[in-house]
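The structure appears below as structure tokens.
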Amino acid sequence: MKITICGSIAFQDEVLSVKEKLEKLGHEVEIWRLKLRDEKGQLISAKEYYKIRRTADENEKWVWDRKAEVVLEHFEKVARSDAILVANYDKNDVKGYIGGNTLMEMGLAFFLKKKIYLLNQIPELSYKEEILGVRPVILNGDLSKIS
């Protein structure tokens with residue numbers, strides 16, 4: 001199965017581990033870009049970009065141009081996949097955190113009739129109903145449940 005992993009860049013280390021496990025199970029796996037170009041055209045890590053973006057104001061054009069690029073790029077990965085796996089770990093005192101980008105990717109996957117898997121429980125967030133509405137399969141950490 002072709003799977004795109006979705007989730008916060010804050011979970012990059014965990015996502016790389018899950019990617020490796022899924023590949024050992026025979027799946028083809030895509031994740032977000034690990035490097036991108038800064039305002040000077042220099043390659044920086046996705047984690048470094050994430051730190052910059054969190055403090056950037058709306059006038060830092062290159063930051064938001066790059067954000068648009070990676071959103072579209074990840075949407076294309078979702079479209080090419082058979083399923084998405086949402087890597088939802090604890091963040092910001094929320095168990096199983098799912099952020100705005102990931103929610104958008106889940107909506108796209110739902111619209112495109114892709115399978116949606118959540119690695120962990122559905123978080124208690126103001127948009128829990130939207131998450132429930134896309135009918136994800138909760139894996140409770142068990143990747144072997146992906147079929």
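Readers should treat all values here as calculations from the given coordinates under stated rules, not as data from a laboratory. Keep in mind it's a predicted model, so treat the numbers as computed, not measured. Here the Cβ is made from the backbone with ideal geometry for all residues, glycine too, and neighbour counts use every protein chain on show.
What the table below lists for this structure:
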quantity	calculated
Loop-resident sites, region 91-147, for GluC sites (Glu not before Pro), counting at most 15 other Cβ within 10 Å (DSSP)	124
Selection of trypsin sites (Lys or Arg not before Pro), region 9-113, meeting DSSP coil and at most 16 other Cβ within 10 Å	33, 40, 95, 113
Prolate/oblate/rounded call for the chain, Cα gyration tensor, a/c under 1.5 rounded	prolate
Two-site label geometry, residue 64 and residue 20: point separation in nm, points 7 Å out along Cα→Cβ	3.9
Cα centroid separation - region 1-47 against region 49-100, whole Å	11
Global geometry of region 10-75, whether rounded, prolate or oblate, following the gyration tensor of its Cα atoms and the 1.5 cut on a/c	prolate
Loop-resident sites, region 37-93, for GluC sites (Glu not before Pro), counting at most 10 other Cβ within 10 Å (DSSP)	58
Options 46, 92, 31, ranked by Cα towards positive dipole end of region 1-120, top entry (Cβ charges)	31
Structure-based [θ]222 nm, the chain - -39500 (n - 2.57) summed over DSSP H runs of at least 4, per residue, nearest 500	-13000 deg cm²/dmol
Label-reachable residues, region 3-18, where backbone N falls under 19 Å from a point 7 Å from residue 56's Cα toward its Cβ	7-12
Approximate spin-label separation residue 2-residue 142, in nm, with each point projected 7 Å along Cα-to-Cβ	2.9
Lys, Arg +1 and Asp, Glu -1 on Cβ, resulting dipole of the chain about Cα centre, debye, nearest 20	320
Within region 40-66, backbone nitrogen closer than 16 Å to the virtual label 7 Å beyond the Cα of residue 76 toward Cβ	66
Percent of beta bridges antiparallel (DSSP, the chain, rounded to nearest 5)	25
Most mobile of 119, 103, 16 in a GNM of the chain (Cα contacts under 10 Å)	16
Least to most buried among 78, 70 (fewest other Cβ within 10 Å first)	70, 78
